[in-house]
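Trainee: Questions regarding the structure given below will be posed in turn.
The values are calculated or read from the model by the stated rules, or taken from the named source; none is laboratory data. Just so it is clear, the model here is predicted, and its values are computed rather than measured. We place every Cβ from the backbone using ideal geometry, glycine too, and count neighbours over all the protein chains shown. Keep in mind that these areas ignore ligands, DNA and RNA; they rest on the heavy atoms of the full protein, side chains included. Shrake-Rupley method; radii C 1.70, N 1.55, O 1.52, S 1.80 Å.
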Amino acid sequence: MPWRPPTPIEIYQLLPQTNCGKCGEPNCMAFAVKLINFDTTLEQCPPLIEDKSYAKNLEKLKALLSPPVKEIVLRSPKRVVKIGGEYVLYRHELRYMNPTAIAIDIDDSMDRDSILKRIEAIEKFEYEYVGRKLKLDLIAVRSVTNDPKQFAKTVQIVAENSTLPLILCSLNPTVIEAGFNVLTQEHRPLIYAATKDNWREMAELAKRYEAPLAIASPGDLDMLVSLAKTLSEGFGISDLALDPGTLIGVNGLAYTVKAFTWLRYKAVYDLWKYAGYPLIGTPISVWSSLEGDVMDKMWWEAILATLLMTRYADLLIMHSIDGWVLLPQVMWRFQLYTDPRKPVAVPSGVREIGKPDEKSPVIVTTNYALTYSIVLSDIEKAKVNAWLVVIDTEGLAVDVSVAARKFTGEKVAEVIKSSELDKKVRHKVLIIPGKAARVSGDVEDATGWKVVVGPVDSSEIGKFIEKMWTENKLKELLSQ
Amino acid sequence: MSRDRDELRKRQNDEEESKRYAEIAGLLAKIAEALEKGVVELYNIELAFDEVELQIPSSAIETLPIPITITPPPQKVAEAKPETQAAIAIAKTVEIVGKKVVELMRIGFEEPKPNFTGKVVEVKIGATKSEGGTRETSFVLGGHELPPYYYLTGYKPPHLPAFGGDTFDMKIGLPRAVRQVFGDALDNPEEWARVWVKKFGAEAIDIHLVSTDPTLKNASAEEAVKTVDRFLQVVKTPIVVGGSGNPEKDIEVFNAIANAFPSEGLVINSLNLDMALEKVCPNIAKTNAVVIDFSPMSVEKAEEINRKVYTWIPRNRILLDLNIGGIGYGTEYGFTTMERSRLAALLGNELLQHPFNVGAANAWGAREAWMTMDPYWGPKEVRGSLWETLTCVICLLAGADYFMVLHPLTMKVLKSLREYLFSDPKPRDPEKALSWLSTKLPVV
């Protein structure tokens with residue numbers, strides 16, 4: 001039986017039922033509905049949290065809403081990263097919760113300058129997309145020297161110069177311990193990793209420092225879950241993460257995909273607790289296991305990252321810091337973790353960009369958030385004053401909405417009418433996207449406006465307007 | 001009253017007991033520590049060993065240090081003083097107790113047992129001489145009874161995905177990365193197709209008859225037939241014939257092509273709900289051609305078009321295209337629509353039991369795939385090919401069967417991935433999987 005959300009009634013019965021409205025909802029039932037859709041959290045109900053008489057109910061509610069894949073918190077003094085906390089195998093069954101965290105490695109053989117440079121590159125990585133800033137999440141400090149002192153030194157430099165939570169990577173418990181010794185209590189790094197050979201010592205460290213512990217058991221699922229059972233039940237360590245091994249090539253890749261799939265399946269469909277932990281993928285593996293030049297390795301690291309992210313990895317450890325390897329990862333991650341129940345759309349209507357007047361161009365686009373924000377930023381970048389007509393394509397991009405008949409003359413006419421755009425401009429000329437050329441006739445018929453087919457990509461809008469939007473051209477156009 | 005007294009006594013006993021255990025545990029810890037330091041001095045100690053062994057309560061487990069490496073090398077034991085030897089004996093006891101507490105709890109991983117009853121139809125692409133056509137190769141897609149890449153024991157996916165190369169029958173704007181690999185061959189579509197097959201191992205050729213678009217060249221259906229004929233002469237793989245996307249014109253073109261090549265096992269790309277299906281399906285039905293039903297990112301529309309097309313064309317001659325956008329541009333819609341459809345198909349929804357087609361070239365529409373960006377983001381040629389490759393990887397995981405590919409590098413990677421993913425999931429040298437941990441890696 002896969003995980004199922006509780007019913008609103010089950011939740012409601014445990015809520016204060018006072019309809020006090022402190023959560024922002026009109027009543028407790030509405031709050032219950034929001035809770036089971038994961039549109040709000042228990043913390044939004046102050047009485048439940050503050051009033052001790054509800055303590056038992058709070059615990060029950062937490063249990064009812066707790067995910068079959070445990071949520072693990074990693075922390076630095078400045079940032080918190082959550083991994084896991086997942087409920088479903090397929091995103092359409094609910095949605096995926098905590099976006100796959102991406103960690104970049106730093107090793108303890110690097111000199112101080114290289115470390116600082118790498119930290120800067122990791123921290124500065126940022127790509128703006130649909131109005132969001134896509135970034136990297138963690139730093140994985142690896143011990144290649146196997147020297148505790150050297151490792152401690154490196155961890156210290158990283159901790160002092162970065163804001164990100166850490167992963168301490170070594171199979172040698174003494175090395176890991178040395179790393180902990182230079183970290184303040186505000187740090188909650190992930191220990192990577194307990195294996196079939198060192199699990200006792202690693203468990204001790206995890207207990208002593210109250211840190212989450214990764215279990216690595218490449219190629220052996222039995223051992224992986226045996227360790228999960230032993231560490232959780234024998235040692236009482238609740239925060240674990242599982243790495244079944246990122247193997248590549250013939251047999252290896254198939255094994256990896258199988259292991260990730262089986263683990264997540266057992267966690268959310270069979271609610272098997274020993275599989276119910278965040279999964280760790282290590283695309284960095286290609287750097288030591290793959291023959292070939294650097295370019296090949298980067299290429300395969302990118303492929304593995306995308307593949308594992310799509311197949312349930314909650315945390316990825318990577319080596320490449322190159323923009324082209326990481327860019328598709330952070331973009332795909334953003335998409336994969338959007339809520340499939342809610343199209344990423346903006347309201348339709350007319351937007352004023354810059355200071356448009358009665359002579360300014362009227363540009364048409366769709367209400368897909370991505371399309372809208374790109375067109376908006378391109379018009380702004382080109383410093384064009386314009387009226388932007390956003391039509392309701394149900395959150396579809398231009399080409400898709402044209403193919404799906406959601407980009408129609410009628411939709412354009414609707415917006416022009418409701419916004420009284422014809423009273424704001426005098427020219428009655430519409431610029432439609434190049435990818436909507438096919439519907440230009442339809443738009444002309446439905447609106448009675450003259451249609452000009454604009455560039456295929458909005459980055460050309462500036463040039464297009466400069467060339468096209470002149471008095472002479474307009475006269476020529478309108479006289480046709 | 002007596003019950004209370006009993007409880008009180010019991011509690012006192014418990015307290016005493018745990019005090020004793022704590023003492024023992026503390027002593028053992030000291031011994032362990034001393035042994036580690038190599039200094040052993042024990043005074044005034046009386047120990048009954050069997051007591052130590054048997055009476056460690058579970059509550060003491062957490063406080064008990066678990067010695068792992070305290071047994072000194074044997075030769076030292078022989079030389080050790082009697083006190084040391086006694087201490088070692090105690091330490092061994094500790095170790096045994098410790099081991100008992102944290103013994104590995106071995107369990108097995110039972111493989112998932114999902115319950116699926118549906119099956120995706122098997123669709124034959126291309127027709128060889130023995131099958132009535134002139135192709136040298138043909139292949140079958142579909143036949144799945146489980147979601148992609150579940151690797152359950154005893155189940156082998158009956159047919160692998162296949163990869164076709166995109167060509168266009170007239171000059172269109174192509175990414176520089178594509179122009180670089182094909183060079184002059186792009187001037188001649190048949191040569192382009194030949195290079196795809198001979199040099200880059202395309203398993204089928206996709207001809208996109210863009211020239212028939214009324215807003216472009218508006219080439220006639222007869223001209224389209226001639227183009228397809230030339231392709232059929234030059235390449236001997238199965239051929240996928242794509243129209244211009246104009247619903248009226250495509251009907252003309254597809255009808256003419258179906259009539260002209262009724263036995264080649266062509267794939268008609270594509271039918272959609274905006275077309276007057278009754279004007280084209282009966283004709284295609286008379287041939288051995290396969291059709292692609294196109295339903296952009298909609299499961300409901302997919303059911304609708306399939307139901308209509310069934311009126312004329314048998315189920316095993318239909319592929320489904322749910323559309324895909326490049327990463328950052330609607331990929332998640334296509335991905336999820338594919339996952340939803342395939343799961344529904346395997347749960348028994350017969351309207352969705354069709355192999356998937358993917359137009360990977362859409363990936364190049366992503367701005368990040370073609371735009372010149374700050375050098376940090378790498379050359380656009382690299383980004384473009386990677387975008388197409390990764391978009392395909394995502395579709396592969398959603399269960400896609402046939403890929404129309406624009407760049408040869410994408411095809412190369414897809415072929416490797418297919419080989420890897422369809423091999424036995426048995427790891428070789430799994431220990432090596434952790435070598436990244438301790439290897440110094442080049443920093444680029």
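Trainee: Convert each backbone phi in segment B:230-238 into a coupling constant with the Karplus relation 6.51 cos²θ - 1.76 cosθ + 1.60 (shift: θ = phi - 60°), then list the ³J(HN,Hα) values in order as whole Hz, x for Gly and Pro.
Mentor: 4, 4, 4, 6, 7, 10, 10, 7, x
Trainee: While we're here: Residue A:220: accessible area at probe 1.4 Å, nearest 10 Å²?
Mentor: For residue A:220, solvent-accessible area is about 60 Å².
Trainee: How much accessible area is lost when chains A and B come together, counting both sides, with a 1.4 Å probe, in Å² rounded to the nearest 100? Let's see the in-between values first.
Mentor: Details: alone 22970 and 24740 Å², together 39150 Å².
Adding both sides of the contact gives about 8600 Å².
Trainee: Starting with the highest mean, order A:13-20, A:78-85 by the number of other Cβ atoms within 10 Å, averaged over the residues of each peptide. It would help to have the intermediate numbers written out before the result.
Mentor: Numbers: A:13-20: 15.8, A:78-85: 17.9.
Ranking the peptides A:13-20, A:78-85 by packing returns A:78-85, A:13-20.
Trainee: May I pose another question? Efficiency by 1/(1 + (r/R0)^6): what FRET value for residue B:440 and residue B:152, r their Cβ-Cβ distance, R0 = 41 Å, to the nearest 0.05? All intermediate terms of the calculation are to be shown ahead of the outcome.
Mentor: Values: r = 40 Å, r/R0 = 0.98.
For residue B:440 and residue B:152, the calculated efficiency is 0.55.
Trainee: 5 Å is the cut-off here: which amide hydrogens, built 1.01 Å from N in the peptide plane, fall below it relative to residue A:315, excluding neighbours closer than 5 in sequence?
Mentor: Residues meeting the amide H criterion: A:101, A:279, A:281.
Trainee: Could you work out, residue by residue across A:402-409, how many beta carbons of other chains sit within 10 Å of that residue's beta carbon, and then give the average as an integer? Could you put the intermediate results ahead of the total?
Mentor: Details: counts 2, 8, 9, 4, 1, 0, 0, 0.
Across the residues of A:402-409, the mean count of other-chain Cβ atoms within 10 Å is 3.
Trainee: Let me confirm one metric for peptide A:326-333, namely the mean number of other chain beta-carbon atoms within 10 Å of its residues' beta-carbons. Can you show the working numbers first?
Mentor: Numbers: counts 2, 10, 16, 2, 2, 9, 9, 1.
Per residue, the number of nearby Cβ atoms from other chains is 6 on average.
Trainee: Please give, to one decimal in nm, the separation of the simple spin-label points placed at residue B:172 and residue A:39, each 7 Å out from Cα toward the Cβ.
Mentor: Result: 4.1 nm between the two label points.
Trainee: If you don't mind, there's one more thing I want to ask. Report the local net charge at residue A:67: Lys and Arg +1, Asp and Glu -1, summed over other residues whose C-beta lies under 15 Å from its C-beta. Could you put the intermediate results ahead of the total?
Mentor: Values: positive: A:4, A:62, A:70, A:82, A:91, A:95, A:264, A:266, A:273; negative: A:71, A:86, A:93, A:239, A:270, A:314.
Net local charge, residue A:67 excluded: +3.
Trainee: At a probe size of 1.4 Å, how large is the accessible area of residue B:261, to the nearest 10 Å²?
Mentor: 20 Å²
Trainee: If you rank B:332, A:358, A:59, A:204 by how much accessible surface each has, with a 1.4 Å probe, what is the order from largest down? List each step's numbers first, then the result.
Mentor: Working: B:332 10, A:358 85, A:59 105, A:204 60 Å².
The residues order as A:59, A:358, A:204, B:332, largest area first.
Trainee: Straight-line reach from residue A:450: which aspartates and glutamates fall under 18 Å, measuring Cα to Cα and dropping same-chain residues less than 8 apart?
Mentor: Residue A:450 reaches A:358, A:410, A:414, A:420, A:422, A:442, A:471, A:476.
Trainee: Rounded to the nearest whole Å², what accessible area per residue is found for segment B:191-336 with the 1.4 Å probe? Walk me through the intermediate numbers first.
Mentor: Numbers: 5000 Å² over 146 residues.
Each residue of segment B:191-336 exposes 34 Å² on average to a 1.4 Å probe.
Trainee: Sticking with this one: Rounded to a whole number, what % of the accessible area of chain A do carbon and sulfur atoms account for, probe 1.4 Å?
Mentor: On the way: 9070 of 18830 Å².
Using a 1.4 Å probe with all protein chains present, chain A comes out at 48 percent carbon and sulfur.
Trainee: Heavy-atom accessible area of residue A:50 with all protein chains present, probe 1.4 Å, nearest 10 Å²?
Mentor: 140 Å²
Trainee: Going by the alpha-carbon gyration tensor, a ≥ b ≥ c the square roots of its eigenvalues, is the protein assembly as shown rounded (a/c under 1.5) or, if a/c is not under 1.5, prolate (a/b greater than b/c) versus oblate?
Mentor: On the way: a/c = 2.12, a/b = 1.83, b/c = 1.16.
It comes out prolate by the Cα gyration axes.
Trainee: Over 20 Å between Cα atoms, which of A:381/A:424; A:406/B:301; A:355/A:423; A:383/A:435; A:153/B:432; A:406/A:463 qualify? List each step's numbers first, then the result.
Mentor: Numbers: A:381/A:424 24 Å; A:406/B:301 14 Å; A:355/A:423 16 Å; A:383/A:435 23 Å; A:153/B:432 27 Å; A:406/A:463 28 Å.
Distance filter (> 20 Å) returns A:381/A:424; A:383/A:435; A:153/B:432; A:406/A:463.
Trainee: What is segment A:268-342 by shape, rounded, prolate or oblate, if you read a ≥ b ≥ c off the alpha carbon gyration tensor as root eigenvalues and call it rounded for a/c under 1.5, prolate for a/b larger than b/c, and oblate otherwise?
Mentor: Values: a/c = 3.21, a/b = 1.49, b/c = 2.15.
It comes out oblate by the Cα gyration axes.
Trainee: Arranged from highest to lowest average of other beta-carbon atoms within 10 Å per residue, in what order do the peptides B:208-214, A:414-420 appear?
Mentor: Numbers: B:208-214: 20.9, A:414-420: 15.3.
Order by mean packing, descending: B:208-214, A:414-420.
Trainee: For segment B:92-223, what % of the accessible area comes from carbon and sulfur atoms, probe 1.4 Å? Provide the component values of the computation, followed by the final result.
Mentor: On the way: 3240 of 6370 Å².
The computed percentage sits at 51.
Trainee: All other residues with a Cβ under 10 Å from the Cβ of residue A:334 taken together, and with Lys, Arg as +1 and Asp, Glu as -1, what is their net charge? Walk me through the intermediate numbers first.
Mentor: Numbers: positive: A:132, A:333; negative: B:332.
For residues surrounding residue A:334, the net value is +1.
Trainee: Which distance in nm do the two modelled labels at residue A:377 and residue B:422 give, with both placed 7 Å along the Cα-to-Cβ direction?
Mentor: It works out to 4.0 nm between the two label points.
Trainee: Just the accessible area per residue of chain A, please: how many Å² with a 1.4 Å probe?
Mentor: Here the residues of chain A average 39 Å² of exposed surface.
Trainee: Separate question: Once amide H atoms are placed 1.01 Å from N in the peptide plane, what residues at a sequence separation of 5 or more from residue A:366, or on another chain, have their amide H within under 5 Å of its amide H?
Mentor: A:391
Trainee: Also: Using Stokes-Einstein with the Kirkwood hydrodynamic radius over Cα pairs, what translational diffusion coefficient do you get for segment B:158-304 at 37 °C and a viscosity of 0.692 mPa s, in µm²/s rounded to a whole number? Write out the running numbers ahead of the final one.
Mentor: Details: Rh = 15.9 Å.
Answer, rounded: 207 µm²/s.
Trainee: Can you work out the Karplus-derived ³J(HN,Hα) for every residue in segment B:334-340? Use 6.51 cos²θ - 1.76 cosθ + 1.60 with θ = phi - 60°, whole Hz, and x for glycine or proline.
Mentor: Result, ordered by residue: x, 4, 5, 5, 5, 4, 4 Hz.
Trainee: Let me ask another. For residue B:290, list long-range residues whose amide hydrogen, built 1.01 Å from N in the peptide plane, is under 5 Å from its own amide hydrogen.
Mentor: B:266, B:267, B:268
Trainee: A follow-up question, please. Taking θ as phi - 60°, what are the ³J(HN,Hα) couplings along segment B:212-226 by the Karplus curve (6.51, -1.76, 1.60), each to the nearest whole Hz, with x for Gly and Pro?
Mentor: 7, 4, x, 8, 10, 7, 6, 4, 6, 4, 5, 4, 4, 4, 5
Trainee: Determine the alpha carbon to alpha carbon distance for each of B:198/B:236; A:342/A:417; A:78/A:124; B:198/B:415; A:258/B:440 and list only those over 19 Å.
Mentor: Numbers: B:198/B:236 11 Å; A:342/A:417 27 Å; A:78/A:124 15 Å; B:198/B:415 15 Å; A:258/B:440 29 Å.
From the list (B:198/B:236; A:342/A:417; A:78/A:124; B:198/B:415; A:258/B:440), the Cα-Cα distance tops 19 Å for A:342/A:417; A:258/B:440.
Trainee: Right, here's the next one. Calculate the mean, over all residues of peptide B:414-427, of how many other protein chain Cβ atoms lie within 10 angstrom of the residue's Cβ. Present the calculation step by step, with values, prior to reporting the outcome.
Mentor: Details: counts 0, 0, 6, 3, 0, 4, 11, 7, 3, 7, 5, 13, 7, 15.
Across B:414-427, the average partner-chain Cβ count within 10 Å equals 6.
Trainee: Here's something else I'd like to know. By what distance, in whole Å, do the Cα atoms of chain A stretch along each of the three principal axes, largest value first?
Mentor: Principal-axis extents of chain A (Cα, largest first): 85, 63, 42 Å.
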